[in-house]
Amino acid sequence: MTERIAEASPRSLARMAGVFYLLTILTGGFALVFVSGRLVVYGDAAATATNILAHEPLFRLGFAADLIMAACYIVVTLLLYDLLKPVNRSVSLLAAFFGLVGCAVSLFGLTPFILLRDLVFFGLHCLLVGYLIFRSTFLYPPLANYLSPYNLAPGMLGEGLLILWLLVFGVNEQRWKEQAKAGFLTN
């Protein structure tokens, strides 16, 4: 596969990365929303186990979707490495490392800790890829021009939800005081 990647034009690499990224999102979203959303009862392992046993074909379909998602993300990681290595080979390699480690943890990690560890590795991968895109002269300016002002929507949505949460719910004062006291004692 690496020989074919080396022979492909940068535009082809970018388009292939886009296709595999889309497949990653679709299969991962399916597994998360339609499978885990129906089977997992957070805080109740017995109910989750009962749901899995009662809907075993759905569980297997979700597992297959997770495997396809991981395989697609491995391809995305390799394509982005090759596409972004002219910007900074070391940073691109480090980004690929974090992306591949995230996939490995996702596939072979312990189930209760997968989400947290995946977010750490994939978060680092995304930060480094974002840095490389920003530093590139062949992706960032045209991409930002095409996406503007729509690229502001996710940030505005996230900040809007945070504002709403702060206004409506605020914080749990008792837990805040406990954590503040514990943090003060450890710092």
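The values are calculated or read from the model by the stated rules, or taken from the named source; none is laboratory data. Worth saying up front: this structure is predicted, and the values here are computed from it rather than measured. Using ideal geometry, Cβ is built from the backbone for each residue, glycine included, and neighbour counts are taken over all protein chains shown.
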- Query: Do you know which of the residues in the range 34-67 that are within 24 Å of CYS103 (Cβ to Cβ) and of a type in the set (Gly, Ala, Ser) is surrounded by the most Cβ atoms within 10 Å (Cβ to Cβ)?
  - Reply: GLY62
- Quick check: anything in the range 39-62 under 15 Å from the mean Cα position of the chain (by Cα) and in a helix (DSSP H, G or I)? no
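Quick test for you: out of ALA96, ALA8, ALA46, ALA65, pick the one residue that is of a type outside the set (S, T, N, Q) and at pLDDT 95 or above.
Of ALA96, ALA8, ALA46, ALA65, the one residue that is of a type outside the set (S, T, N, Q) and at pLDDT 95 or above is ALA96.
Yes/no matrix, rows are residues, columns are (1) under 16 Å from LEU128 (Cα atoms); (2) of a type in the set (Lys, Arg):
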| position | (1), (2) |
| --- | --- |
| ARG38 | no, yes |
| ALA46 | no, no |
| ASN51 | no, no |
| ARG60 | no, yes |
| ILE68 | no, no |
| LEU79 | yes, no |
| SER90 | yes, no |
| LEU93 | yes, no |
